[in-house]
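A.B. asks: My questions will all concern the structure given below.
The values are calculated or read from the model by the stated rules, or taken from the named source; none is laboratory data. No experiment lies behind these values; they were computed from the predicted model shown. Positions of Cβ are generated from backbone atoms using ideal geometry, with glycine treated the same way; all protein chains shown enter the neighbour counts.
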Amino acid sequence: MNQPIRVAVAGASGRMGIEVVRMVLSDSELSLAAAVSPSKAGQDAGQMAGREACGVIVQASLEDALNESPCDVLVDFTTPKVVLQHAKLAISHGVRPIMGTTGFTPKDIEDLDLMCRDAGIGGLIAPNFSIGAILMMKFAAQAAKYFPHLEIIEYHGDQKLDAPSGTSVKTAELISEVRREMKQGNPNEHETIEGARGGYYDGFRIHSVRLPGIFAQQEVIFGAFGQSLKIRHDSYERAGYMPGVAMAVKKVMGVTGMVYGFEHFLD
């Protein structure tokens, strides 16, 4: 019988981090090896997540956690300010980083890929871990081959800091791989209020809605003569991301290099 995959969770007391801790504790193929949260250091990770005590004490820093406990995988849902540092620290310890935080530049991804390959391990940067959202992106890219006129509207709560969302940017990137840049709309159109037409990406527009009471939704609207097509995905709670995170933890053990986009793990 294979040994469980030893998982460290950074940002363990955050809303996503708590869900990850609960998921790891409930999966027989995984083992919680470490949890990191400066504000909850010294607490039992299981109790912090609303479960029974598990014997894993929350550490104040990732470096302390990795030095104290052997780990195979790091799952990180912290902030763009520290996530790059965490990824590099994990790789230097031979730990495979799975990063659910946006903010990496193409150069960052290239550097992390080289570090992973030098260490002989894999990693993942994923703007979205929802299997439904990934399917939405794939279906949108397929539709764009036949409906090149499109716009993306993404909805999140008013506490989300980045706009557009990482999911909508990744959707736009996938669409642009199969669709030539083409400016849409009337060539003489004029915005009487700046930004009314949304953000420009390869000829189409991305609109970001930020309102209280909204969790996470995205729709891609396609228009053609006499018809339209809408592809939409709705997330209602963070637990919906956990099947994807669990799949990522298990599949990252079999890859080498830094993978950008959870969709590559669904192929």
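Listed here are the residues, each with its yes/no results for (1) assigned to a helix (DSSP H, G or I); (2) at pLDDT 95 or above; (3) crowded, with 24+ Cβ neighbours inside 10 Å.
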| site | (1), (2), (3) |
| --- | --- |
| GLY46 | yes, yes, no |
| LEU74 | no, yes, yes |
| THR78 | no, no, no |
| LEU89 | yes, yes, no |
| GLY94 | no, yes, no |
| PRO97 | no, yes, yes |
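A.B. asks: Another question, if that's okay. Applying the selection to the range 99-108, what residues are surrounded by fewer than 18 Cβ atoms within 10 Å (Cβ to Cβ) and either touching a Pro at 6+ places or on another chain (Cβ under 8 Å) or of a type in the set (A, V, I, L, M, F, W, C) (or both)? Break it down stepwise before answering.
C.D. replies: Start the filter on the range 99-108 by keeping residues that are surrounded by fewer than 18 Cβ atoms within 10 Å (Cβ to Cβ), which leaves 103, 105-108.
Of everything in the range 99-108, just one residue is surrounded by fewer than 18 Cβ atoms within 10 Å (Cβ to Cβ) and either touching a Pro at 6+ places or on another chain (Cβ under 8 Å) or of a type in the set (A, V, I, L, M, F, W, C) (or both), namely GLY103.
A.B. asks: Using the structure shown, decide if PRO187 is surrounded by fewer than 16 Cβ atoms within 10 Å (Cβ to Cβ), modelled with pLDDT of 95 or more, out of contact with any Pro (no Cβ under 9 Å at 6 or more places or on another chain) and in a loop (DSSP other than H, G, I, E, B). First the steps, then the outcome.
C.D. replies: Values: surrounded by fewer than 16 Cβ atoms within 10 Å (Cβ to Cβ): yes; modelled with pLDDT of 95 or more: no; out of contact with any Pro (no Cβ under 9 Å at 6 or more places or on another chain): yes; in a loop (DSSP other than H, G, I, E, B): yes.
Judged against the criteria, PRO187 is not a match.
A.B. asks: Next up: Name the residue, out of SER31, SER13, that is hydroxyl-bearing (Ser, Thr, Tyr), within 21 Å of GLY100 (Cβ to Cβ) and touching a Pro at 6+ places or on another chain (Cβ under 7 Å). Can you show your working first?
C.D. replies: Working: SER13 fails: touching a Pro at 6+ places or on another chain (Cβ under 7 Å).
Exactly one of SER31, SER13 is hydroxyl-bearing (Ser, Thr, Tyr), within 21 Å of GLY100 (Cβ to Cβ) and touching a Pro at 6+ places or on another chain (Cβ under 7 Å), namely SER31.
A.B. asks: Can you tell which of TYR260, TYR241 is under 30 Å from GLU19 (Cα atoms) and in contact with a strand residue (DSSP E or B) (Cβ under 6 Å, 6 or more places away or on another chain)?
C.D. replies: Values: TYR241 fails: in contact with a strand residue (DSSP E or B) (Cβ under 6 Å, 6 or more places away or on another chain).
The conditions single out TYR260.
A.B. asks: Next question. So which of ALA163, ALA196, ALA140, ALA172 ends up being assigned by TED's automatic domain parsing to the domain that holds ALA224 and exposed (fewer than 12 other Cβ atoms within 10 Å of the Cβ)? Full working, then the answer.
C.D. replies: Numbers: ALA163 fails: exposed (fewer than 12 other Cβ atoms within 10 Å of the Cβ); ALA140 fails: exposed (fewer than 12 other Cβ atoms within 10 Å of the Cβ); ALA172 fails: exposed (fewer than 12 other Cβ atoms within 10 Å of the Cβ).
Unique residue meeting the criteria: ALA196.
A.B. asks: Of all residues in the range 211-232, how many are in a strand (DSSP E or B) and in contact with a strand residue (DSSP E or B) (Cβ under 6 Å, 6 or more places away or on another chain)? Explain how you work it out, then say what you get.
C.D. replies: The first filter runs over the range 211-232 and keeps only residues in a strand (DSSP E or B), leaving 216-224, 227-232.
Subset that is in contact with a strand residue (DSSP E or B) (Cβ under 6 Å, 6 or more places away or on another chain): 216-222, 229-232.
Summing the residues that are in a strand (DSSP E or B) and in contact with a strand residue (DSSP E or B) (Cβ under 6 Å, 6 or more places away or on another chain) in the range 211-232 gives 11.
A.B. asks: If LYS251 passes every condition in (1) assigned by TED's automatic domain parsing to the domain that holds ARG117; (2) under 15 Å from the mean Cα position of the chain (by Cα) but one, which one does it miss?
C.D. replies: Here LYS251 clears every test but (2).
A.B. asks: Still on this structure: Please go through the range 57-72 and pick out each residue that is among the charged types (D, E, K, R) and assigned to a loop (DSSP other than H, G, I, E, B).
C.D. replies: Step one: of the range 57-72, the residues among the charged types (D, E, K, R) are 63-64, 68, 72.
Passing the criteria: only ASP72.
A.B. asks: Any residue in the range 87-98 that's over 14 Å from TYR260 (Cα atoms): show its pairings with residues that are modelled with pLDDT of 95 or more and in a loop (DSSP other than H, G, I, E, B) at Cβ separation under 6 Å, as long as the two are six or more apart or on different chains.
C.D. replies: Pairs found: VAL95/CYS71.
A.B. asks: Among PHE204, PHE215, PHE265, which is within 19 Å of GLN142 (Cβ to Cβ), modelled with pLDDT under 95 and among the aromatic types (Phe, Trp, Tyr)? Steps first, answer last, please.
C.D. replies: Details: PHE204 fails: modelled with pLDDT under 95; PHE215 fails: within 19 Å of GLN142 (Cβ to Cβ).
Of the residues listed, the single one that is within 19 Å of GLN142 (Cβ to Cβ), modelled with pLDDT under 95 and among the aromatic types (Phe, Trp, Tyr) is PHE265.
A.B. asks: A further question follows. Filter the range 113-124 down to residues that are farther than 21 Å from ARG6 by Cβ and touching a residue at least 60 places away in the same chain (Cβ under 8 Å) and give me whichever is surrounded by the most Cβ atoms within 10 Å (Cβ to Cβ). Full working, then the answer.
C.D. replies: Taking the range 113-124 first, the residues farther than 21 Å from ARG6 by Cβ are 113-114, 117-118.
Next, from what is left, pick out any that are touching a residue at least 60 places away in the same chain (Cβ under 8 Å): 113, 117.
Values: ASP113: 18, ARG117: 14.
Of everything passing the filter in the range 113-124, ASP113 is surrounded by the most Cβ atoms within 10 Å (Cβ to Cβ).
A.B. asks: Can you name the residue in the range 121-162 that is of a type in the set (S, T, N, Q) and modelled with pLDDT under 95 and is also farthest from LYS250 (Cα to Cα) among such residues?
C.D. replies: Step one: of the range 121-162, the residues of a type in the set (S, T, N, Q) are 128, 130, 142, 159.
Narrowing further to those that are modelled with pLDDT under 95: 128, 130, 159.
Values: ASN128: 17, SER130: 16, GLN159: 31 Å.
Here the residue is GLN159.
A.B. asks: Right, another one. Determine, yes or no, whether LEU135 is in contact with a Pro (Cβ under 9 Å, 6 or more places away or on another chain), farther than 21 Å from GLY198 by Cα, outside any loop (DSSP other than H, G, I, E, B) and in contact (Cβ under 8 Å) with a residue 40 or more places away in the chain.
C.D. replies: Details: in contact with a Pro (Cβ under 9 Å, 6 or more places away or on another chain): no; farther than 21 Å from GLY198 by Cα: yes; outside any loop (DSSP other than H, G, I, E, B): yes; in contact (Cβ under 8 Å) with a residue 40 or more places away in the chain: yes.
Taking the combined requirement at face value, the residue does not satisfy it.
A.B. asks: Checking ARG22 against (1) surrounded by fewer than 16 Cβ atoms within 10 Å (Cβ to Cβ); (2) assigned to a helix (DSSP H, G or I); (3) modelled with pLDDT of 95 or more: exactly one of these is not met. Which one?
C.D. replies: Condition (1) is where ARG22 drops out.
A.B. asks: Also: Restricting to the range 34-44, give me the number of residues that are assigned to a strand (DSSP E or B) and crowded, with 21+ Cβ neighbours inside 10 Å.
C.D. replies: So the first thing to find is which residues in the range 34-44 are assigned to a strand (DSSP E or B), and the list is 34-36, 44.
Those still in the list that are crowded, with 21+ Cβ neighbours inside 10 Å too: 34-36.
Within the range 34-44, residues that are assigned to a strand (DSSP E or B) and crowded, with 21+ Cβ neighbours inside 10 Å number 3.
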